[in-house]
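Student: Got a structure for you, questions after.
Coordinate-derived values only; no laboratory data. Remember, it's a predicted structure, so these values are computed and weren't measured experimentally. Positions of Cβ are backbone-derived with ideal geometry, glycine not excepted, and every protein chain shown enters the neighbour counts.
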Amino acid sequence: MVIKHKNIFETESCWSNADKQMLCLDTGGWRTERPVLDQTKCNYCGLCCLYCPPQCMLDKGDHYEANLAFCKGCGICAHECPRGALTMVPEGEFGNEG
Amino acid sequence: MKAKTVKPRVMTGNGAAAYAAMLCRPEVVASYPITPQTEVVEQLSAFKADGVLDAEMVEVEGENSAMNIVCAASIAGARVFTATSSYGLVYMYDTLLQTAGFRAPVVMVNVNRETPGIQAVSAGQQDMISTRDSGWIQIIVENDQEIIDQIIMAYRIAEDFNIQLPIMVNYDGYYLSYLAEAVQIPDQTDVDAFLAPLKKQPQRPRLVPGEARGCGTHGMEMGYVEARYKHCMALDRVKNHVDKIDKEFGEYFGRSYGGQIEEYKCADADIVIVASGSAAGTARTVIDSKRAEGLKVGLVKLRLFRPFPEERLAQALKGKKAIGVIDRSVSFGWKTGPMCTEIKSLCSKIGPVPILSYIDGLANLDINIPHIGRVIDEVAVAAKGKPYQEVTWIPMEEER
């Protein structure tokens, strides 16, 4: 057998160092809809951030925003937001912007 | 031999396992009691209470937790020990796979017992067989002394930097777990010296609080394939390593077991019987009496089951006229027993000789002298080119 694969893990076991390298699950690619924030309703309480399963909410200082590279569009943040500041909008409405 | 001579002591297989584990100085022990393994946990707890075992003993609510704890402790760098049997082994099945996938060098004793479905509180190797594809090293021993010696060797195998795999040391429940035999318990200084080479090896990766690294969490696509490939290659390396450590153990302690397999009177044999565990001891006696009758028969004691000792077996079985394999378990979906099925896969190397499968010793039934005598006689007939029965469930052909 001729091995052409270049090793991903430096170690014999499958250890990875997050500072150097991570093999990330492309959960963003699973998304069919994304959370869109109405900033006038948001009071920066952080509940969306606490409930987010892949913990992809980014702290923007006065509000939170989903990191779309990881947000899988589950809608839990919108469901939990007590002020209804987050709305799930179908991906189709955003064209190919990502 | 370098080891100090010690006075033999009489103890059960379970007691022997506990002594061996203690001598290897595990730092974390988590184990849930289950028949016929319970005495191992009791004895280790007693060692801890007496202050002779300096380990963190974690009281668990079940085997699933036990394996999770020893796996995690191992990943954090600790030397660990656990023991289980049957229902306990299958109750930790997911964590068993996880431990192997993490390449955590856990040393576990599995006291062979029949598995769930039928409430069998009895001996059989079905538990071990049902976890053969879990990625663990699986080794089977024959008597109480071998239990002690193999547990000590197990640390040299599992924790070796070039291996980094968990190992399951199997011995027959009831037959060995409760059997009291005279054993030599090595001196602590000798066990320390035998395990010392591990300290000179590079440190395996470990979890360190505050450091951004982890194990097993990023096995995506080629990461997964690479991890699996490395795991299989490591298992392949285990085979020669088992032989090497067995030889080294023999040089140090004066006892060795053949490594992957033990060949007994095989060199000039026309036919060979393959057996494992406590049945191998009985088989040796029968081989001797058949030899006295003029029959050239040998025994292969299968010690290493995973990885399967393909090369050593092919070497031992090549040129033999017929082979009989005694299995203490069944292979659901195959007619032949599990070990027989695997030995049949050697046919391209050893030729299309008759390989007869015998299912015996399930549910605490004895694999006794008449049974093994019958196996040898039938294999001898098959060796002459006469028709033979491919699979025989020995107890099913007996009237009781």
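Student: I'd like to know how chain B sits against the 2.2 N^0.38 Å rule of thumb: what's its Cα Rg over that expected value?
Tutor: In units of the globular-protein estimate, chain B measures up at 0.97.
Student: Please tell me the relative contact order of region B:1-156 in percent, rounded to the nearest whole number, where contacts are Cα pairs under 8 Å and at least six residues apart.
Tutor: 25
Student: Something else now. Quick check: convex hull over the Cα atoms of chain A, volume per residue in Å³, rounded to an integer?
Tutor: In chain A, the Cα convex hull volume per residue is 154 Å³.
Student: Tell me which residues come under 5 Å, amide H to amide H, from B:Glu27 once H is placed; ignore anything under 5 positions away on its chain.
Tutor: B:Arg79, B:Val80
Student: Loop-only chymotrypsin sites (Phe, Trp or Tyr not before Pro) in region B:320-400, please: DSSP not H, G, I, E or B, and at most 12 other Cβ atoms within 10 Å.
Tutor: B:Phe332
Student: Relative contact order for region B:262-397 using alpha-carbon pairs under 8 Å, separation at least 6, rounded to a whole percent?
Tutor: It rounds to 26 percent for region B:262-397.
Student: Using modelled backbone amide H atoms (1.01 Å from N, in-plane), which distant-in-sequence or interchain residues come within less than 5 Å of B:Asn112's amide H?
Tutor: B:Tyr171, B:Asp172, B:Gly173
Student: Further question: Could you compute the longest span of chain A free of GluC sites (Glu not before Pro) located in DSSP loops and having at most 11 other Cβ atoms within 10 Å, not counting the site residues?
Tutor: Longest run free of exposed loop sites: A:11-96.
Student: I would also like to ask the following. Sorted by mean Cβ packing within 10 Å, highest first, what order do the peptides B:49-56, B:375-382 take?
Tutor: The packing order, highest mean first, is B:375-382, B:49-56.
Student: Determine, for chain A, the count of lysine pairs separated by eight or more sequence positions (or lying on different chains) whose alpha-carbon distance falls under 24 Å.
Tutor: 5
Student: Count, for each residue of B:227-236, the Cβ atoms from other chains sitting within 10 Å of its Cβ, then give me the mean as a whole number.
Tutor: 2
Student: On to the next question. Which order, highest average first, do B:63-71, A:66-74, B:363-371, B:173-181 follow once you tally other Cβ atoms within 10 Å for each residue and take the mean per peptide?
Tutor: Final packing ranking: B:63-71, B:173-181, A:66-74, B:363-371.
Student: Could I ask something else about it? If the reach is capped at under 18 angstrom between alpha carbons, list the aspartates and glutamates near B:Lys318, excluding any in the same chain fewer than eight residues apart.
Tutor: Straight-distance partners of B:Lys318: B:Glu262, B:Glu263, B:Asp268, B:Asp270, B:Glu310, B:Glu342.
Student: Any idea how far the Cα center of region B:77-146 sits from the one of region B:189-243, in Å?
Tutor: With region B:77-146 and region B:189-243 each reduced to a Cα centre, they are spaced 19 Å.
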